[in-house]
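Notes to accompany the following structure.
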Amino acid sequence: MQLHSLRVKASIFSLLLIVAICLFFILLGNGSLQSLLEKNRKNRYQTYEYQISGLLKQSREDLIQLTDLIVLWHNGSSANPSVLRQLFDRQWEYLQISWGVESLKLYVDDREPPIHWGESTRRLTPAQIREVIISGQPLESVRCNRICVQSLAVPVIGNDNTDYVLQVDRSLAGELVTFREITGSDIGILSAARNTPSFHTSDYLENWQREVIALTSREMLMPLLRQVASGQSQVPGLRYSKSHLFEGRHFDIKTIPVSGLDRNGAQFVVVEDVSDQVGHIGDSLKLLLLFSVLGAFIFISAVTSMLWQPIFRLRRLAEALPLLSDGKFDAARSLIRPVSKRISHYDEIDVLDSTGLAVCDQLEVMKEIVSQNTAELERIAMYDTLTGLANRHNIVEELKKYLHSGDCDESNGYLFFVDLDDFKQVNDSLGHQGGDDLLRVVAQRLVSVMRFGDIVARLGGDEFCVFVRSLSGDGTYRALAEKMLSIVAEPVRIGDELVQVTLSIGIVAIPEHGKTLEAVLQKADVAMYHAKFRGKNNYQLYSVELPGIEQVSTGTGETKKLELVADRDHGDRDHGDWVTPIKTPT
């Protein structure tokens, strides 16, 4: 059997097709399983967050209950500090063993050290003592140093009306054990970030700069944490998703801040054995691969036997289809050659051939229509429909290209922000059609004084913009601005009226006055407003000494001028007199 025969090609093609399909479904199945694992992982760690929060809340309630039991005295009143001191001297060991209390502190005076029992943990500041007494609310905090304790400071009023604060510090070791019993996952506490170990060098993770304060299953998990920390420079966060292989098993490691959202503070570290889940994914992929291989062989055999004869025609059709996307319609027609037979005797391949020819004809017509429509849409998108000038989007894109290309550093460009003075009166006097006619004339006049390559754009309404890429000489911009003022100021006949309008022009030098689009446009707008404020029919080059638009005086008001040439009579329209300019306050 020759390698170039259709049989071999059909078998190879079918094989490759099925392999691709199998790989697709294998990858899809793996992605689905991984997504399910990730979703399950997120749900578990969200549950862990709630569980830790609940345990801390329950511990707080226990501490409140303990303080109530401690301070209550005869007839429901609270004991005074001296009575509590005697009580704690006698019952301190009981409180340690039964309630897991690490330390007790009595703050009778915010200026004196507290009376304490047990570990000398961090004290309340005088401000905190006063805050607890004045507010009458307990102050809770979680502190981690050599051990992690939950601290609760409560205000007490003794039976002799003495105000004092009782602080109870309780270890979180019990909560860690409870968490392990409820969830089945191990948990520990990492200290706040510190450069050197404070207590035990063997418990210090150098890359993370943290010390393991407490950890369930310490003997098994401590080597795991050392291995993970040696390969990572940062502590894994709650959203970190990666399983770590250790001694043939897979473990997920997440951290949850002990207090607040400070990443450098103490962290709960949760370690979960996910080996069963990872193994289940591996077994599922192996099973999926096995069924894919069996299905591939069955499918290849069926396809080869069914499509043995028409495969050559399908190959020609397959070669013709890419030509359609490239617009090579004549080449596609030469490949699609339907068999001459009656339509009633067409099989599926014949239908495909005739359909391919019909699609070829339709795509050729559609390509021509799309080309025409695309050209029209580009013209609408980039040019003003009224004046034929570039529109706002067009000139903004040109400015961006100019600013980003580096041409502005090699030449002096100028942006002229042009606004017609008192254009509203033209619309009021001559109607919107007359206003549109005037805008077309103004656009043509502005274009007439520009060089090839300069851009004249209509931003909208009566606002125009002229972008000159380079001007030589310091005063050249003045000559160009005066040309624009003079040519636009020439009277325009609109219907039976002669209209004269003037311009206010704000000028910005690029890059002298700005190297960003926002800065150039904002400064051009400021310069234009100053030109209007100075009496209109004027131009103003931006400078840093110009005040902002909001600082331009509005007390005097702006005046608007519109000059119309009125005919003295209908018999002689070539000799008109200027009408007195109409002035209206802004």
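Scanning the stretch 183-198 for residues that are assigned to a loop (DSSP other than H, G, I, E, B) and open to solvent by 10 Å² or more (accessible area, probe 1.4 Å) gives GLY184, ALA192, ALA193, ARG194, ASN195, THR196, PRO197, SER198.
Residues that are open to solvent by 30 Å² or more (accessible area, probe 1.4 Å), at pLDDT below 85 and either farther than 14 Å from SER103 by Cα or among the small types (Gly, Ala, Ser) (or both) within the stretch 146-162 comprise ILE157, ASN159, ASP160, ASN161, THR162, listed in sequence order.
How many residues are part of a loop (DSSP other than H, G, I, E, B) and of a type outside the set (Gly, Ala, Ser) when one looks only at the stretch 525-543? Number of matching residues: 4.
Return the residue satisfying two criteria in turn: it lies in the stretch 97-119 and is part of a loop (DSSP other than H, G, I, E, B) and out of contact with any strand residue (DSSP E or B) (no Cβ under 6 Å at 6 or more places or on another chain), and of such residues it is most open to solvent (accessible area, probe 1.4 Å). Checking each candidate, the answer is ARG111. The condition (being touching a residue at least 24 places away in the same chain (Cβ under 8 Å) and either open to solvent by less than 80 Å² (accessible area, probe 1.4 Å) or of a type outside the set (Phe, Trp, Tyr) (or both)) is satisfied by just one residue among VAL370, VAL359: VAL359.
Residues that are open to solvent by less than 40 Å² (accessible area, probe 1.4 Å) and either in a strand (DSSP E or B) or at positive phi (or both) within the stretch 462-474 comprise PHE464, CYS465, VAL466, PHE467, VAL468, listed in sequence order. Of the residues screened, GLU364 is one that is touching a residue at least 24 places away in the same chain (Cβ under 8 Å) and open to solvent by 60 Å² or more (accessible area, probe 1.4 Å). I'd like to check something: does the stretch 443-453 contain any residue that is surrounded by 13 or more Cβ atoms within 10 Å (Cβ to Cβ), outside any loop (DSSP other than H, G, I, E, B) and of a type in the set (S, T, N, Q)? Looking through the stretch 443-453, at least one residue is surrounded by 13 or more Cβ atoms within 10 Å (Cβ to Cβ), outside any loop (DSSP other than H, G, I, E, B) and of a type in the set (S, T, N, Q).
A Cβ distance below 8 Å, combined with a sequence gap of six or more or placement on separate chains, defines the contacts here; from the stretch 279-294, residues that are open to solvent by less than 90 Å² (accessible area, probe 1.4 Å) reach residues that are part of a helix (DSSP H, G or I) and among the small types (Gly, Ala, Ser) in the pairs SER284/GLY29; LEU285/GLY29; LEU288/GLY29. The single condition among (1) open to solvent by 40 Å² or more (accessible area, probe 1.4 Å); (2) at positive phi that GLU378 does not satisfy is (2). Cβ-Cβ contacts under 7 Å between residues 6 or more apart (or on different chains), taken from a first residue in the stretch 404-433 that is within 17 Å of TYR539 (Cα to Cα) and assigned to a loop (DSSP other than H, G, I, E, B) to a second residue that is modelled with pLDDT under 85 and open to solvent by 20 Å² or more (accessible area, probe 1.4 Å), are listed as ASP421/LYS560; ASP421/LYS561; ASP422/LYS560; ASP422/LYS561. Every condition in (1) open to solvent by 40 Å² or more (accessible area, probe 1.4 Å); (2) touching a residue at least 12 places away in the same chain (Cβ under 8 Å) is met by GLU272 except one, and the failing one is (1). Checking each residue in the stretch 195-213 for being modelled with pLDDT of 75 or more and hydrophobic (A, V, I, L, M, F, W, C) picks out LEU205, TRP208, VAL212, ILE213. Within the stretch 67-96, being within 57 Å of the chain's Cα centre (by Cα), outside any helix (DSSP H, G or I) and exposed (fewer than 15 other Cβ atoms within 10 Å of the Cβ) holds for one residue alone: LEU72.
Could you tell me whether SER325 is small (Gly, Ala, Ser), under 24 Å from TYR477 (Cβ atoms) and open to solvent by 50 Å² or more (accessible area, probe 1.4 Å)? Criteria not met by SER325.
Residues of the stretch 354-370 that are closer than 26 Å to ARG313 by Cα and among the aliphatic types (A, V, I, L, M): LEU357, ALA358, VAL359, LEU363, VAL365.
Inside the stretch 199-222, can you point out the residues that are at negative phi and either small (Gly, Ala, Ser) or open to solvent by 50 Å² or more (accessible area, probe 1.4 Å) (or both)? Passing the criteria: PHE199, HIS200, THR201, SER202, GLU206, ASN207, ALA214, ARG218, GLU219, MET220. A count restricted to the stretch 423-435 and to residues that are out of contact with any Phe, Trp or Tyr (no Cβ under 9 Å at 6 or more places or on another chain), under 28 Å from PHE467 (Cβ atoms) and open to solvent by less than 10 Å² (accessible area, probe 1.4 Å) stands at 1.
The values are calculated or read from the model by the stated rules, or taken from the named source; none is laboratory data. Every value quoted in this text rests on a predicted model; they were computed, and no experiment measured them. All Cβ positions, glycine included, derive from the backbone under ideal geometry; neighbour counts span all protein chains shown. Surface areas here come from the heavy atoms of the whole protein model, side chains and all, with no ligands, DNA or RNA. Shrake-Rupley method; radii C 1.70, N 1.55, O 1.52, S 1.80 Å.
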